[in-house]
Amino acid sequence: MSAVGTLLRFRLRRDRVLVIVWVVVFALSALFVAAALVQTYGTASERFAVTKVLSIDPSLLALRGAPDGTSRGAFYIVEIGSYLMLMVAFMNSFLAVRHTRADEELGRTELVVATRAGRGASTVVTIIHAIILNALVAVFTALAMIAVGYGAGGSFVLGWALATTGIAFFGTGLLMAQIFSTSRAANGWGSAIIGIAWVLNAAANAGATIAKDGVHATPSAAVWFTPIGWGLRSRPYTGDLLWPGLISIAFAAVVIAGSFALQASRDTAAGLVGARRGRAGASGALAGPVGLVWRLQRGSIIGWGVGAVLGAGLIGGLGKTLQDAVGSNPQLSKAVEEMSGGGGTVLESFIGIMMSLVGLLVAGAAIQTMIRMRQEEVAGMAEAVLATRVSRLRWYLAFVAVAIVASAVILFLAGLIAGLTLANVDASLVGQSIVLALAQLPAVAVYLAVTALAFGLVPVATTPVGWTLFGIGIVLGEFGSLLGLPDWVRQIAPTDHTALAPLARADWSGTWVMSLIAVAVVAASALAFRRRNLTTV
Amino acid sequence: MTTVIEAIGLEKRFGRTRALDGLDLHVEQGEVHGFLGPNGAGKSTTIRILLGLIQRSGGSASVFGRDPWAQAAALHERIAYVPGDVALWPNLSGGEVIDLIARLRGTDTKAATYRDRRQRLIEAFQFDPRKKARSYSKGNRQKVALIAAFATPAELYILDEPTSGLDPVMEAVFTDEIQRIAKDDGASILLSSHILSEVEALCDRVTIIRAGTAVESGSLAELRHLTRTEIAFASDGIDEVAVRAVPGVHDVTVGTGRVRFTVDSSEVAGVLPRLGELRVQSLTVAPPSLEELFLRHYGDEITASDVPVAGPNAPTSPDAKFEAQSR
């Protein structure tokens, strides 16, 4: 066991910054949102009005959560509970893969296994590591909540729910790391599992049974299918249950045991899903820089695309219910219109809101493509291409072109799918939803351009700039109004400037300005890239 | 003869590190030019400047008479390159990478000439093109780069330590291939290496660099004085004066029970009979290694410039540290 102790000390030293960053991110975001909600929705009557609207709109139920009264704590959980669960899930899944499969893929595990530490030692250390990290996140999140004045009991139940849900997804990440032989594939499948769990939970909330008072709801039975549901059914601040967290722990125990069984039966560096043999020669598609970039990025672009198109499908599914529920109640119809920015019919506004979410997912695909450009440079593959007759400009533009064209195609498909699923309500919505989806393209291009600018000017900053932008985009776009952020702050987000429904009265000026900015920034970055050295640090 | 590569007083600084400090390099058309130096001497930095991947900080560089930075892509049509540290796309097969590089170099990969060359090289290097690149060992990654370089003819081949990771059999295949392109195609080759035997076997002319400066340059015959064989034997009952009298012997030292001296490698055969007459015992004859060459000829300069001597491959040398920084 002394090998485990040594490895653990080394591990905590290696990850000390990351651990602190995660704990601070959780504590600060809990603190910030909790404080903002107290300020924006300070009185019970304000919270009552919002919750009432929420519970008649299945799309809002899906995107937020099933209400559990109008207390401050209950309101907090409804608004961001499922997103906290999502964050903790990703943190854990990535952690598991980073310290098992990624190390193994890079050959570091071989160094460790060749000592007296056994083949399972790294995994054992990773489990302890995860438990420590989740415990820290739980305690500091609870302390942050208590600091803003939320009840101590409920705050610690929230921490418990986060930690147990986190451990459950740590388990699925660990399992994926055993099954797949590359960290990319393991992270991809780990993320897919989290995505499915989130959608299942959203569906359970959308199908909730609403109590007579309109501010309490019981999610459908599907809530019990996922660790996100188990975490939320701890009902922090309202029910304060500890036992749903135990389901997460039991689930984690089973999955982790499965991981150990797989690890015991396989070779080091091998996966359960083996590496397939490739082609003996390149196909016609792999001809130039564009073909290469597409080949490199198609997996992740398709992943983001499937997410975006599924999200768009949700629009259709929920739109009909929304129309029925609101249509029969003119007062509520007005409230929903106001909440969603005003103008147009309820459905049009709803499509507009949902498309900004789809746009963010597409921006994720575009940002990741720009980041890939930097990764190619660091890993030395850019050098191989640029030593042929491919010019720097051509290589750079290949990445930009693939990102933009793929974004446009995904947005078009998302618009089409949303429109078709709503066609039985109103056939004219097909064209409208395609236009509303494509209207996101300039905003996507701005995300792409700023990431590209980092690549041209400060290449080391490419990845942090890209993902920070994405995070800011989510916070401003999805929670901006909820948090009561001032307009000028919300206007930083490109999605705030896209044209909105109704199309007849839409303001397209933002579209043109953003397009011009994107083109100018991409061009400036190309010039900067042509003038700088290739760097690998 | 036309000049293919010409660098005069080439400088490159990375922050406060001087990677190249006034380097001169001349490669004539049709010659195989050895580019020798310990790790971190600046070989890869020079090559990257010649390929326009990084910009020089001072001096001048031209390839085929043109500026490698300003006209990189146009020049690359005439160049094949094998990087020192071959990085491949992990999810592409070796065969796909070879075809991709060929197409990026403007080759029609359906043409029979290309298919034949490619097939011949794959067989010669005993390479499996269908495996994904992530599963290739260092040697196999090297083979991908070599096959990709040789499968499309070029006027200039720039090879950065091309045999690292190859086994001796594959090194021989590589040697054959270089001799073939040099003779049949009349191509120019810049071959960076720290393996003296490889350079001796292949190169017409050699440039030796250390700490970013060319310290020797010339044909192998001109540099022959650098390659001395070290001879040592037991000093018991040996008359030192008689040893010094043997023609061709240099640097005689006596100590720790051994007599040591060096002799020009071409004259070893003439010296041995004289040693037989002296009845020397426990004789050792050590052919020169590049490492010894450097230590012998530049050791004093190294100490003078206050650099710890740890041999060319030691990771602690300041040049190696620089290389780590620049990656």
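Every read-out reported here was derived from the displayed coordinates using simple, explicitly stated rules and does not represent laboratory data. These numbers were taken from a predicted model, which means no experiment stands behind them. Here the Cβ positions follow ideal geometry from the backbone for every residue, glycine too, while neighbour counts run over all protein chains shown.
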* Structure fact -> Simple SL model, points at 7 angstrom along Cα→Cβ for B:A245 and B:D128; separation in nm is 6.6 nm
* Structure fact -> Residues meeting the amide H criterion for B:S57 (H placed from the backbone, H to H distance under 5 Å, 5 or more places apart or on another chain) are B:E11, B:K12, B:R13
* What dipole magnitude, in Debye to the nearest 20, does segment A:207-289 give about its Cα centre under +1 on Lys/Arg Cβ and -1 on Asp/Glu Cβ? -> 360 debye
* Structure fact -> Rounded to the nearest 10 degrees, the helix B:290-304 long axis (Cα) sits at an angle to the longest Cα principal axis of chain B of 80 degrees
* At most 13 other Cβ within 10 Å, DSSP loop - chymotrypsin sites (Phe, Trp or Tyr not before Pro), segment A:370-426 -> none
* Amide N of segment A:409-428 lying under 17 Å from the label point, which is placed 7 angstrom from the Cα of A:S515 along Cα→Cβ -> A:409, A:411-412
* Structure fact -> Dipole check, the protein assembly as shown, charges on Cβ (K,R +1; D,E -1), about Cα centroid: among B:C203, A:L133, B:V173 the Cα furthest to the positive pole belongs to A:L133
* May I ask for the angle, rounded to the nearest 10°, between helix B:268-277 and the longest principal axis of chain B, with both axes built from Cα atoms and the value confined to 0 to 90°? => 20 degrees
* Burial ranking of peptide ranges B:259-272, B:236-249, A:285-298, A:228-241 (average Cβ count within 10 Å, highest at the top) -> A:228-241, A:285-298, B:259-272, B:236-249
* Asked: What FRET efficiency comes out for the pair B:D116/A:A192, r = Cβ-Cβ distance, R0 = 51 Å, nearest 0.05?
  -> 0.70
* Structure fact -> Stretched fully, the stretch from A:F260 through A:A523 gains (0.36 nm per residue minus C-alpha distance, one decimal, in nm) 89.6 nm
* Dipole-positive endmost among A:L37, A:V522, A:L111 within chain A (Cβ charges, Cα centre) -> A:L111
* Asked: Residue-wise, which Karplus ³J(HN,Hα) couplings in Hz belong to segment B:182-195, taking 6.51 cos²θ - 1.76 cosθ + 1.60, θ = phi - 60°, and x for glycine or proline?
  -> 5, 7, 6, 8, x, 6, 9, 9, 9, 10, 8, 6, 10, 9
* With axes computed from alpha carbons, what is the tilt in degrees of helix B:112-124 against the longest principal axis of chain B, rounded to the nearest 10 within 0 to 90? -> 40 degrees
* To do: Give me a single rounded figure for A:283-290: the average over its residues of other chain Cβ atoms within 10 Å of their Cβ.
  => 3
* Considering only DSSP beta bridges where both residues belong to the protein assembly as shown, give the percentage that are antiparallel (nearest 5). => 70 percent
* Asked: With each pseudo-label sitting 7 Å past Cα toward Cβ, what's the B:T253-B:A172 distance in nm, one decimal?
  -> 3.8 nm
* Structure fact -> Computed ³J(HN,Hα) along segment A:419-434: with the Karplus parameters 6.51/-1.76/1.60, θ = phi - 60°, integer Hz and x for glycine or proline, the list is x, 5, 6, 9, 4, 6, 7, 7, 4, 5, 6, 4, x, 4, 6, 5
* Structure fact -> For B:R258, the residues 5 or more places away or on another chain with a placed amide H closer than 5 Å to its own amide H are B:S235
* To the nearest Å, what is the center-to-center distance of segment A:156-174 and segment A:221-294, using C-alpha atoms only? -> 14 Å
* With labels modelled as points extended 7 Å from the Cα through the Cβ direction, what inter-label distance (nm, one decimal) is found for A:S2 paired with A:R277? -> 4.9 nm
* Mean residue ellipticity (222 nm) of the protein assembly as shown, computed from DSSP H runs ≥ 4 via -39,500 (n - 2.57), nearest 500 -> -19500 deg cm²/dmol
* Structure fact -> Mean Cβ-within-10 Å packing, highest first, puts peptides A:25-38, A:365-378 in the order A:365-378, A:25-38
* **Pairwise FRET efficiency - A:L18 versus A:L397, Cβ, R0 = 25 Å, nearest 0.05** => 0.10
* **Zone residues, segment A:79-98, relative to A:I131, backbone N less than 15 Å from point 7 Å out along Cα-to-Cβ** => none
* Asked: Between A:D213 and A:A147, what length in nm is gained on full extension when 0.36 nm per residue of separation is reduced by their alpha carbon distance?
  -> 20.6 nm
* Structure fact -> The farthest towards the positive end of the charge dipole of the protein assembly as shown, of the residues A:A398, A:L413, A:I179, given +1 on Cβ of Lys and Arg and -1 on Cβ of Asp and Glu, is A:L413
* Which whole-angstrom value gives the distance between the alpha carbon centres of segment B:232-257 and segment A:58-133? -> 73 Å
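Report, in debye and to the nearest 20, how large the dipole of segment B:57-153 comes out about its Cα centre when Lys and Arg carry +1 and Asp and Glu carry -1 on their Cβ.
For this selection, approximately 300 debye.
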* Structure fact -> In debye to the nearest 20, the charge dipole size for chain A, taken about the Cα centre with +1 at each Lys and Arg Cβ and -1 at each Asp and Glu Cβ, equals 1780 debye
